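Input: a single structure, listed below in structure tokens.
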Amino acid sequence: MAHQWRGVIREYADRLPVTEATKVITLGEGGTPLVHAQKLSELTGSEVYLKVEGMNPTGSFKDRGMTMAMTAAVEAGAKAVVCASTGNTSASAAAYATAAGLKCAVLVPEGKISMGKLSQAIAHGATLLQVDGNFDNCLDIARKLGEAYPVFLVNSVNPARIQGQKTGAFEVVDSLGDAPDIHVLPVGNAGNISAYWKGYKEYSAPFETANGTLPAVSTKTPIMWGFQAAGAAPFVAGHPITEPDTIATAIRIGNPASWDTAVAARDESGGLIEAVTDDEILAAHRWLSAKEGVFVEPGSAAGVAGLIKKHAAGDVPSGKTIVITVTGHGLKDPQWALRTEDGSDVQPVKVPNDVVTVAAELGLEEN
Ligand SMILES: *Cc1c(COP(=O)(O)O)cnc(C)c1O
């Protein structure tokens, strides 16, 4: 009988902080495709794969962490959860809170939240407050609410989130048979780069569980390459940015919560965290949809933009295996696909209800 994917907690239960008594809150997240990127592979001479996280239940990798965070919230007896969000965390928290039967409050920054993400939070019944401030201000308030009020914080400062998100690395190794040479991903609040590094490290060494020691699964760990948007690149600057600015709203973060673990991921792996401009991000966004057949939101394209930029600088080795996490679905933020390179919007060509005219418009000649 075909195996039905059971969500990341049940698939990787022996490597997550859960027990047999744990009531698992899941929407079937994880098990996302690792797509061979043909054109990026041709470009670089390496085998490039895309971990397509837009295929998660709410359309981003946030669901991997949210299944753990919501399971922990229920285990702790919480009645309500809170999060700060640039959009995808709120969409995920709202959906998983619904599955858990919990109330959900989300704090989003003024302006610049995509319609797709906002509508998800509303559809799932979250109480949504738009704070007169940026993401970092929202996270500050959410943390304080979690400390002093009866609500459970489900941002990635909650270690359960990182535990869930590390399963992305497990799946990559399980698909490829070993760790890749380089793992590339966008960096915003820096939870995901921290989580992947944790996952890769755990899979490359014997792992202690309650029921004994699991053997190493991979023979190595990858070099981690993180990419930030140039207007929101605190790791590149070496200090927090007070007014982060980029069209890639998912990574528009000036004061990353997972600072130390992201720096450790970069340095322990011999990797880097660099910046890409909004134009480079949009070019990579177009590359993914037009050349690879994978539709992502702009922030998700930062890793691909980084790889293309490093390749142009002669810094991408050939003959290697490279995985890029593309973090969220293109339908979250669809207006970017309708924008042409000169900034105007694509308009559909209007034609009469007539096959001959349609064929002529398509440049077809009759057989
Ligand atoms: C959250 C998010 C990111 C950034 O991940 P961090 O863990 O905050 O670094 C990137 N892309 C998308 C689509 C996201 O939702």
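The values are calculated or read from the model by the stated rules, or taken from the named source; none is laboratory data. No experiment lies behind these values; they were computed from the predicted model shown. Cβ coordinates were reconstructed from backbone atoms using ideal geometry, including for glycine residues, and neighbour counts include every protein chain displayed. With ligands, DNA and RNA removed, areas are computed over all heavy atoms of the protein, side chains included. Shrake-Rupley method; radii C 1.70, N 1.55, O 1.52, S 1.80 Å.
I'm trying to understand the selection: among the residues of segment 181-196, which are more than 12 Å from the ligand (Cβ to nearest atom) and either within 22 Å of G164 (Cβ to Cβ) or open to solvent by less than 30 Å² (accessible area, probe 1.4 Å) (or both)?
Listed by number, the residues that qualify are I182, H183, V184.
Candidates are the residues of segment 124-170 that are of a type in the set (D, E, K, R) and open to solvent by less than 10 Å² (accessible area, probe 1.4 Å); the one that is farthest from A76 (Cα to Cα) is K166. Of all the criteria given as (1) assigned to a loop (DSSP other than H, G, I, E, B); (2) closer than 16 Å to C83 by Cα; (3) more than 16 Å from the ligand (Cβ to nearest atom), the one not satisfied by A205 is (2).
Condition test on T325, is it of a type in the set (S, T, N, Q) and free of Cβ contacts under 8 Å to residues at least 60 places away in the same chain?
Numbers: of a type in the set (S, T, N, Q): yes; free of Cβ contacts under 8 Å to residues at least 60 places away in the same chain: no.
Against the criterion (of a type in the set (S, T, N, Q) and free of Cβ contacts under 8 Å to residues at least 60 places away in the same chain), T325 does not qualify.
Residue count for segment 57-76 satisfying the condition of being open to solvent by 10 Å² or more (accessible area, probe 1.4 Å), without any contact (Cβ under 8 Å) to a residue 60 or more places away in the chain and either touching a Leu at 6+ places or on another chain (Cβ under 9 Å) or outside any helix (DSSP H, G or I) (or both): 2.
For T86, the conditions (1) open to solvent by 10 Å² or more (accessible area, probe 1.4 Å); (2) modelled with pLDDT of 95 or more; (3) within 16 Å of the ligand (Cβ to nearest atom) are fulfilled apart from (2). In the set L50, L16, L43, only one residue is more than 28 Å from E208 (Cβ to Cβ) and either buried (at least 20 other Cβ atoms within 10 Å of the Cβ) or among the basic types (K, R) (or both); that residue is L50. For segment 313-323, check the following and say yes or no: at least one residue is hydrophobic (A, V, I, L, M, F, W, C) and in a helix (DSSP H, G or I). No, that holds for no residue. Checking each residue in segment 317-339 for being open to solvent by less than 50 Å² (accessible area, probe 1.4 Å), away from the ligand (no atom under 16 Å from the Cβ) and within 20 Å of M115 (Cβ to Cβ) picks out no residue at all. Residue pairs whose Cβ atoms lie under 8 Å apart, sitting 6 or more positions apart in sequence or on different chains, and linking a residue in segment 170-194 that is closer than 11 Å to T327 by Cβ and assigned to a helix (DSSP H, G or I) to a partner that is modelled with pLDDT of 95 or more and among the aromatic types (F, W, Y), are N192/F61.
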